[in-house]
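Below: one structure, written as structure tokens.
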Amino acid sequence: SAVIDKDPTNEIALINRAYLRMEKNMLNEARLDFESLLSHFPMHRQGELGLAILSQKQERYKEAADRFAMLIDRYPNDATLYEARGNMERESKQYELALLDYEEAGRISNDPLYNVLQAMVYLDQKKKKTARVMIDRAAKAGMARSLLQEFYDMCK
């Protein structure tokens, strides 16, 4: 805050304070910081992502979805953006959309984590057999069974 008082356009100070305020659940203040950052640095990737996540935290799912879509249009090969949007969709119970985003993230990154995230969606839907298939895929892709044991237990 002291840096921002002296230099209201300090990019690093604005982004750091916005994320700190979001962590401390000072959501309205965080929004002001993200908006200030974006007014000085339009299309700032971390600022846009932070505002999308903040919108999700405030249960403004339409706004969050629009922000994630804009970021994905700009960075279509970034698996973490699909993951973040999938997390928002899962939270808002848009399970089919979440599954699609986790699948795309897995296609881009080839990371078995996305099989686990899909399994979690299936568990949310009480589809234990399908969840088990996704956990098996994660294991087959090289994820340690010890890391997956908890998920196997949930699929019983």
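The values are calculated or read from the model by the stated rules, or taken from the named source; none is laboratory data. Given the structure is predicted, the values throughout are model-derived calculations rather than measurements. In case anyone asks, the SASA skips ligands and DNA or RNA and just uses the protein heavy atoms, side chains included. Shrake-Rupley method; radii C 1.70, N 1.55, O 1.52, S 1.80 Å.
If you roll a 1.4 angstrom probe over the protein chains with everything in place, what fraction of the accessible area of the chain belongs to carbon and sulfur, to the nearest %?
Heavy-atom surface of the chain belonging to carbon and sulfur, 1.4 Å probe: 52 percent.
Once you keep just the Cα pairs under 8 angstrom separated by 6 or more residues, what percentage relative contact order results for the chain?
Over the chain, the number comes to 11 percent.
Given only helices, namely DSSP H runs of n ≥ 4 each adding -39500 (n - 2.57), what is the per-residue ellipticity at 222 nm of the chain, to the nearest 500 deg cm²/dmol?
Mean residue ellipticity, 222 nm, calculated: -24500 deg cm²/dmol.
Wrap a convex hull around the Cα atoms of the chain, take a quarter of its surface area, and give that in square nanometres.
10.0 nm²
Determine the gain in length on full extension of the stretch Val3-Glu63; use 0.36 nm per residue of separation and subtract their C-alpha separation, reporting nm with one decimal.
Between Val3 and Glu63, full extension yields an extra 18.6 nm.
Give the lysines reachable from Lys24 as a straight Cα distance under 28 Å; neighbours fewer than 8 places away on the same chain don't count.
Lys6, Lys57, Lys62, Lys93
Which of the lysines could be linked to Lys156 by a straight reach, that is with a Cα gap under 22 Å, when you skip same-chain ones fewer than 8 residues away?
Lys126, Lys127, Lys128, Lys129, Lys140
Provide the gained length on full extension for the span Arg74 to Glu103, in nm with one decimal, where the gain is 0.36 nm per separating residue minus the Cα-Cα distance.
Difference between extended and current length: 8.5 nm.
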